[in-house]
1. With a cut-off of 18 Å, note down the residues of region 107-145 whose backbone N falls inside the zone around a label point 7 Å from the Cα of Met183 toward its beta carbon.
2. Could you tell me whether region 2-205 comes out rounded, prolate or oblate from its Cα gyration tensor? Rule is a ≥ b ≥ c as square roots of the eigenvalues, rounded for a/c under 1.5, then prolate if a/b exceeds b/c, otherwise oblate.
3. Cut-off 10 angstrom, C-alpha nodes, Gaussian network model of the chain. Which of Phe18, Phe62, Phe142 fluctuates the most?
4. Tell me, what HN-Hα J-couplings in whole Hz come from the Karplus equation 6.51 cos²θ - 1.76 cosθ + 1.60 at θ = phi - 60° for each residue of region 179-196, using x for Gly and Pro?
5. Taking the simple approach of a point 7 Å from Cα along Cα-to-Cβ for both Gln102 and Ser60, what is their distance in nm?
6. Mean-square fluctuation check for the chain, GNM, Cα pairs under 10 Å: which of Tyr98, Tyr135, Tyr158 is largest?
7. Which one, Leu168, Leu23, Leu67, has the greatest fluctuation when you compute a Gaussian network model over the chain with C-alpha springs under 10 angstrom?
8. Can you work out the PRE-style zone for Leu151? Point 7 Å along Cα to Cβ, and I want the residues of region 34-50 with backbone N under 20 Å.
Amino acid sequence: MNSLLNDLYRAVVSVLFFCAVLLQFLILQYSGFDSELYRMSVPLVCTFPFSCAWLDESRSGFIRLALHRTSVFWYIAGKFTACAVSGGFAEWLAAFIYTKIQHQPMPENAALIFFCGSFWAGISALLAAATGSKYSAYGGAFVVCYFLVILHERYVPYCQYLDPFEWLAPKSVWMFDESGIRMMLGGMTVLSGLIYAIILERRISHG
């Protein structure tokens, strides 16, 4: 448990977290919530704070010291939870600061901004664990998002569930309204975390 709280602290109180907030704020200043630039930037910017934490600790050898202080379960849970929470919070905080400076109310879908950031950050951590590459960690979620956008627009335009832009700012009718999107994103984030845990546990057990 202490490992999880420590990872959350390290993820949020970090240079990379504040860089993510600043970059997303500048994008909002330039283009606003309704722009394609902002919607495409979310899966990229949210990965900055903690997506590569496991990779950094593995390559530096710090992981051996960390596992002496906690269990494998809490180590893995801390890494994924901190990544997802910091990614979502960075997106939400950037939106909050932007609306305060512009003297605007927070958008009605403010919760979805957090959920989308958390999901894409979790996907980034999963790709980092699966590939062992920082390039996959920082760019993989963006590639997956772009692929889903193309798939939806060109081949299945009737299926809004595949459209990442709909998750962030819904324009279609969803079952249970916005709560339905939150449940879907929450479920997919949990599933990503489970796959991440399986992959990372195997990597740790094999040295």
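1. Those under the cut-off are 111-112, 115-116.
2. Prolate is the answer for region 2-205, as a/c is 1.5 or above and a/b outweighs b/c.
3. Evaluated over the chain, the most mobile residue of the options is Phe62.
4. 4, x, 5, 4, 5, 5, 5, x, x, 5, 5, 4, 4, 4, x, 5, 5, 4
5. Label at Gln102, label at Ser60, 3.7 nm between them.
6. Taking springs between Cα atoms under 10 Å, the residue moving most is Tyr158.
7. Among Leu168, Leu23, Leu67, the largest GNM mean-square fluctuation belongs to Leu67.
8. The answer is 39-44, whose backbone nitrogens lie closer than 20 Å to the label point.
Just so you know, all these numbers are worked out from the coordinates, no wet-lab data involved. As the structure is a prediction and not an experimental result, all values here were calculated from the model. Quick reminder, even Gly has a Cβ in these numbers, built from the backbone with ideal geometry, and neighbours come from all protein chains shown.
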